[in-house]
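Step one of this worksheet: look at the structure below.
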Amino acid sequence: MNIFEQVESQVRSYSRSFPTVFSTAKNARLQSRDGRSYIDFLAGAGTLNYGHNNDLLKQPLLDYIQADGITHGLDMYTEAKEGFLQAFQKIIMKPRDMNYKVQFTGPTGTNAVEVALKIARKAKERTGIVSFTNGYHGCTLGSQAVTGNKGQRKGAVVSLGDVTRIPYDDYGDEDDDFMGLKLLDQMLSDPGSGVEVPAGVIAETVQGEGGMTAARMSWLQQLESLCRKHDMLLIIDDIQAGCGRTGTFFSFEPAGIKPDIVTLSKSLSGYGLPFAVTLLRPDLDLWDPAEHNGTFRGNNLAFVTARVALEEYWQDDKFAQQIKQKAEILEKRFSGIVDRFDADMKLKGRGMMRGIATPSGEIAGQICKEAFANGLAVETSGSWSEVVKCLCPLTIPEEDLNEGLDILENAFASVLS
Ligand code: PMP
């Protein structure tokens with residue numbers, strides 16, 4: 001039995017995709033125990049927008065631990081919590097003219113989605129939720145019920161309940177005239193349709209797990225108007241696309257929309273620590289005591305790193321400019337790959353959340369395997385795992401980005417030529 005067969009006989013793991021043992025990592029580079037270096041185009045499924053072991057965040061974290069800072073305070077008001085809330089208010093919400101109550105949910109993204117769904121239902125005293133084809137919102141029962149992919153739902157036999165799925169309109173299709181939204185509007189406007197008005201609509205601005213499909217800004221604006229017209233709450237799940245991934249702190253900023261509820265997690269702590277929040281329009285803070293709690297709401301170590309990440313990266317627009325520059329490199333190189341090979345491929349995504357749709361899951365898998373053999377960790381997404389997905393740290397140095405892209409392009413060449 002080799003090490004991987006041994007490990008897999010004991011635990012549920014994904015080591016088969018990356019057949020090595022990783023030991024250390026810095027920014028966008030991973031080191032394996034056997035001394036190899038890999039460029040990281042995964043960034044912990046989007047949790048490491050500021051890279052691995054970012055020194056700017058590490059030192060304050062070490063200082064906090066060294067000073068016996070509180071590690072678990074639950075509902076106590078701690079200095080770490082205060083620091084995060086003040087920074088979030090001052091650096092993120094105030095300049096954007098946003099007014100949300102921050103609810104610390106359980107440790108991970110799916111917990112933030114549960115809060116969003118529950119409070120929407122409570123606020124509107126309706127049970128229905130609209131979600132989109134290929135949307136991904138997590139693996140607890142509620143969040144999985146609004147997840148599109150049947151394959152992901154079938155294991156838990158998650159009931160569709162009061163969830164209505166409508167097509168996610170892809171910005172890449174120029175002739176797409178937002179059929180999904182039009183149909184929903186028609187059904188909700190006509191009493192004869194028999195369709196009850198749902199409590200809310202949940203959407204990603206770029207579907208990460210669904211295949212890096214980006215919504216057009218005009219689609220997001222139309223979605224917001226539809227929510228206003230029919231008195232539904234607009235929930236934007238910014239767990240993967242948020243925290244700068246698409247170029248702005250919130251991915252929906254360029255659309256100028258004001259969601260009623262926003263979920264954030266993944267890169268919010270900045271250091272890969274478990275942390276999730278749901279932002280609620282203040283009048284939606286309708287919980288009665290004990291209606292939604294959980295032992296690991298708000299991680300004090302994550303408060304520390306999250307505060308520093310906001311202070312270091314979001315006080316001015318320097319970081320956003322750097323993201324823009326690297327996003328341009330990515331777009332250019334990815335378009336080049338799409339054009340170079342005589343295959344049915346498509347550029348997907350927005351900002352530094354990019355992908356290439358290949359003709360099949362098998363091809364995309366082979367490309368990732370080939371890339372890994374040559375020093376690049378990259379994975380797939382999409383309904384058929386057909387999209388090669390790039391989520392590198394936003395702090396990746398341009399040399400590493402270009403080197404990773406060279407490896408990726410060579411992998412496409414060796415699989416497709
Ligand atoms: N929403 C989105 C958009 C996500 O991408 C994910 C995770 N991939 C989740 C929710 C669930 O987050 P978690 O895995 O941390 O529960």
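The values are calculated or read from the model by the stated rules, or taken from the named source; none is laboratory data. What you see is a predicted model; the values in this text were computed from it and never measured. Note: ideal-geometry Cβ built from the backbone for every residue, glycine included; neighbour counts use all protein chains shown. To get the accessible areas, we keep the full protein, side chains included, count just its heavy atoms, and leave off ligands, DNA and RNA. Shrake-Rupley method; radii C 1.70, N 1.55, O 1.52, S 1.80 Å.
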Which pairs do you get when a residue that is under 11 Å from ASN99 (Cβ atoms) and within 16 Å of the ligand (Cβ to nearest atom), found in segment 272-286, comes within reach of a residue that is open to solvent by 10 Å² or more (accessible area, probe 1.4 Å) and among the basic types (Lys, Arg), reach meaning Cβ atoms under 9 angstrom, with the pair 6+ apart or on two chains? LEU279/LYS101
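Residue-wise test of (1) farther than 26 Å from ILE202 by Cβ; (2) open to solvent by 70 Å² or more (accessible area, probe 1.4 Å); (3) out of contact with any Phe, Trp or Tyr (no Cβ under 7 Å at 6 or more places or on another chain).
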| site | (1), (2), (3) |
| --- | --- |
| LEU273 | no, no, yes |
| LEU284 | no, no, yes |
| ASN293 | no, yes, yes |
| ASN299 | no, no, no |
| LEU310 | no, no, no |
Do we find a residue being more than 11 Å from the ligand (Cβ to nearest atom), closer than 30 Å to ILE65 by Cβ and open to solvent by less than 10 Å² (accessible area, probe 1.4 Å) anywhere in segment 126-136? no
Which ones in segment 22-77 are more than 16 Å from the ligand (Cβ to nearest atom) and among the small types (Gly, Ala, Ser)? SER23, ALA25, ALA28, SER32, GLY35, SER37, GLY51, ALA67, GLY69, GLY73
Residue that is farther than 22 Å from ASN299 by Cα and within 16 Å of the ligand (Cβ to nearest atom), where the choices are THR140, THR147, THR105, THR110: THR147
For segment 214-221, state whether one or more residues are touching a helix residue (DSSP H, G or I) at 6+ places or on another chain (Cβ under 9 Å), within 10 Å of the ligand (Cβ to nearest atom) and open to solvent by 20 Å² or more (accessible area, probe 1.4 Å). no
Where the second residue is at pLDDT below 95 and aromatic (Phe, Trp, Tyr) and the first is farther than 17 Å from PHE249 by Cα and open to solvent by less than 40 Å² (accessible area, probe 1.4 Å) and lies in segment 94-115, which pairs have Cβ atoms under 8 Å and are six or more apart or on separate chains? GLY106/PHE296
Which one of these does VAL338 not meet: (1) open to solvent by 70 Å² or more (accessible area, probe 1.4 Å); (2) more than 16 Å from the ligand (Cβ to nearest atom)? (1)
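Residues are listed down the side, and each one gets a yes or a no for (1) open to solvent by less than 10 Å² (accessible area, probe 1.4 Å); (2) in contact with a helix residue (DSSP H, G or I) (Cβ under 6 Å, 6 or more places away or on another chain); (3) under 25 Å from LEU394 (Cβ atoms); (4) at pLDDT 95 or above:
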{"residue": "ILE235", "(1), (2), (3), (4)": "yes, yes, yes, yes"}
{"residue": "PHE250", "(1), (2), (3), (4)": "yes, no, yes, yes"}
{"residue": "GLU253", "(1), (2), (3), (4)": "no, no, yes, yes"}
{"residue": "THR263", "(1), (2), (3), (4)": "yes, yes, yes, yes"}
{"residue": "ALA306", "(1), (2), (3), (4)": "yes, yes, yes, yes"}
Failed item in (1) touching a Pro at 6+ places or on another chain (Cβ under 9 Å); (2) open to solvent by 10 Å² or more (accessible area, probe 1.4 Å), with PRO289 passing the rest: (1)
Could you look through segment 218-260, keep only residues that are without any contact (Cβ under 8 Å) to a residue 40 or more places away in the chain and of a type in the set (A, V, I, L, M, F, W, C), and pick out the one that is farthest from LEU310 (Cα to Cα)? CYS227
Scanning segment 184-206 for residues that are in contact (Cβ under 8 Å) with a residue 60 or more places away in the chain and among the hydrophobic types (A, V, I, L, M, F, W, C), the one most open to solvent (accessible area, probe 1.4 Å) turns out to be VAL197
Exception for VAL115 within (1) under 25 Å from PRO289 (Cβ atoms); (2) away from the ligand (no atom under 13 Å from the Cβ) falls at (2)
